[in-house]
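J.: The following block contains the structure, expressed as structure tokens.
The values are calculated or read from the model by the stated rules, or taken from the named source; none is laboratory data. As the structure is a computational prediction, the values presented were derived from the model and not from experiment. No Cβ is skipped: glycine too gets one built from the backbone with ideal geometry, and neighbour counts run over all protein chains shown. Accessible surface is based on the protein model in full, side chains and every heavy atom, while ligands, DNA and RNA are left aside. Shrake-Rupley method; radii C 1.70, N 1.55, O 1.52, S 1.80 Å.
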Amino acid sequence: MAPPAIYGEPKITSSPEGNVTLEVVVTNAIPEKSQWFMGEREMEANESFIFSHSDEGGGRKLLKCEIKDFDKPMAGEYKVKFFSADGENHATFNVVAGNAPDFHDKPHIVQRDGGNVIVIKVRAKSHLEMKADWFKDDKPVKFTDRVKQVIKKDDKDKDGFQFLLEIHGPMKEDEAKYKCVVKNSEGQNQQSLNLCFE
């Protein structure tokens with residue numbers, strides 16, 4: 001059996017939902033043996049990285065890695081090693097984050113009105129229009145008269161905005177891990193913190 005080879009060019013595609021897919025078609029490879037790497041570190045399949053392969057016919061196999069909710073820290077060089085019975089080869093992908101939003105500092109919690117209002121504050125900047133989605137324990141936050149989203153210009157940065165989650169009359173059920181995902185047309189970034197009351 002000949003050593004494995006790349007057929008065509010490795011491909012990087014991104015979806016509007018913020019997922020990035022790495023694909024390469026290979027010949028003479030045993031797809032089950034493939035290994036994916038980020039830099040030099042071998043990646044494990046989990047909810048963020050989904051590996052798959054399919055038969056393209058003519059002895060060609062498609063190897064695929066889907067990166068869910070891609071954001072800036074995930075940018076870098078990715079590699080897939082693939083093997084035949086008597087050889088190995090690899091394909092390299094250079095995944096860039098584009099100009100996804102950046103954060104000014106860590107998210108923090110501000111209390112107002114003697115603790116009757118708790119505000120989770122995220123400061124982000126972007127040269128493109130951006131929007132924020134809030135999650136509570138990985139589920140979208142339901143906004144009400146008590147839990148509100150506020151967006152305002154950052155007074156310290158002309159490209160910056162403050163994304164605020166205001167919780168009025170905080171209750172025990174508000175304790176959770178909160179995540180703010182900030183997106184623009186070129187990518188996304190996220191911050192999270194745990195809210196707990198003493």
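J.: Hey, any hits in the stretch 111-120 for a residue that's within 13 Å of Gln191 (Cα to Cα), open to solvent by less than 60 Å² (accessible area, probe 1.4 Å), β-branched (Val, Ile, Thr) and modelled with pLDDT of 95 or more?
T.: Checked the stretch 111-120: at least one residue is within 13 Å of Gln191 (Cα to Cα), open to solvent by less than 60 Å² (accessible area, probe 1.4 Å), β-branched (Val, Ile, Thr) and modelled with pLDDT of 95 or more.
J.: Need pairs with beta-carbon distance below 6 Å; first residue farther than 19 Å from Gln162 by Cα and within the stretch 132-145, second modelled with pLDDT of 95 or more; sequence gap 6+ or separate chains.
T.: Matching pairs, first to second residue: Asp137/Ala176; Asp137/Lys177.
J.: When residues of the stretch 67-91 are filtered for being in contact (Cβ under 8 Å) with a residue 12 or more places away in the chain and either in contact with a His (Cβ under 7 Å, 6 or more places away or on another chain) or closer than 18 Å to Lys33 by Cβ (or both), how many remain?
T.: The total comes to 13.
J.: Working only within the stretch 44-54, note down all residues that are in a strand (DSSP E or B) and over 18 Å from His90 (Cα atoms).
T.: Phe49, Ile50
J.: Could you please give the count of residues in the stretch 3-52 that are out of contact with any Gly (no Cβ under 8 Å at 6 or more places or on another chain), of a type in the set (A, V, I, L, M) and open to solvent by 30 Å² or more (accessible area, probe 1.4 Å)?
T.: 6
J.: Do we find that Lys79 is among the basic types (Lys, Arg), open to solvent by less than 70 Å² (accessible area, probe 1.4 Å) and out of contact with any helix residue (DSSP H, G or I) (no Cβ under 7 Å at 6 or more places or on another chain) in this structure?
T.: yes
J.: Going through Asp159, Asp145, Asp155, Asp102 one at a time, which residue ends up being open to solvent by 40 Å² or more (accessible area, probe 1.4 Å) and under 30 Å from Gly39 (Cα atoms)?
T.: Just one listed residue meets the conditions, Asp102.
J.: Would you pick out the residues in the stretch 55-68 that are under 19 Å from the mean Cα position of the chain (by Cα) and either buried (at least 19 other Cβ atoms within 10 Å of the Cβ) or in a strand (DSSP E or B) (or both)?
T.: Lys64, Cys65, Glu66, Ile67
J.: Out of everything in the stretch 145-198 that is touching a Ser or Thr at 6+ places or on another chain (Cβ under 9 Å) and assigned to a loop (DSSP other than H, G, I, E, B), what residue ends up being farthest from Val119 (Cα to Cα)?
T.: Per the criteria, the residue is Glu186.
J.: Just to be sure, is Asp71 among the acidic types (Asp, Glu) and within 19 Å of the chain's Cα centre (by Cα)?
T.: Against the criterion (among the acidic types (Asp, Glu) and within 19 Å of the chain's Cα centre (by Cα)), Asp71 qualifies.
J.: Further question: If I ask for residues that are closer than 15 Å to Gly58 by Cα and in a loop (DSSP other than H, G, I, E, B), which ones from the stretch 1-26 would you list?
T.: The answer is Met1, Ala2, Pro4.
J.: Is it true that some residue in the stretch 75-83 is in contact with a strand residue (DSSP E or B) (Cβ under 8 Å, 6 or more places away or on another chain), among the small types (Gly, Ala, Ser), assigned to a strand (DSSP E or B) and over 25 Å from Asn99 (Cα atoms)?
T.: The answer is no; no qualifying residue exists.
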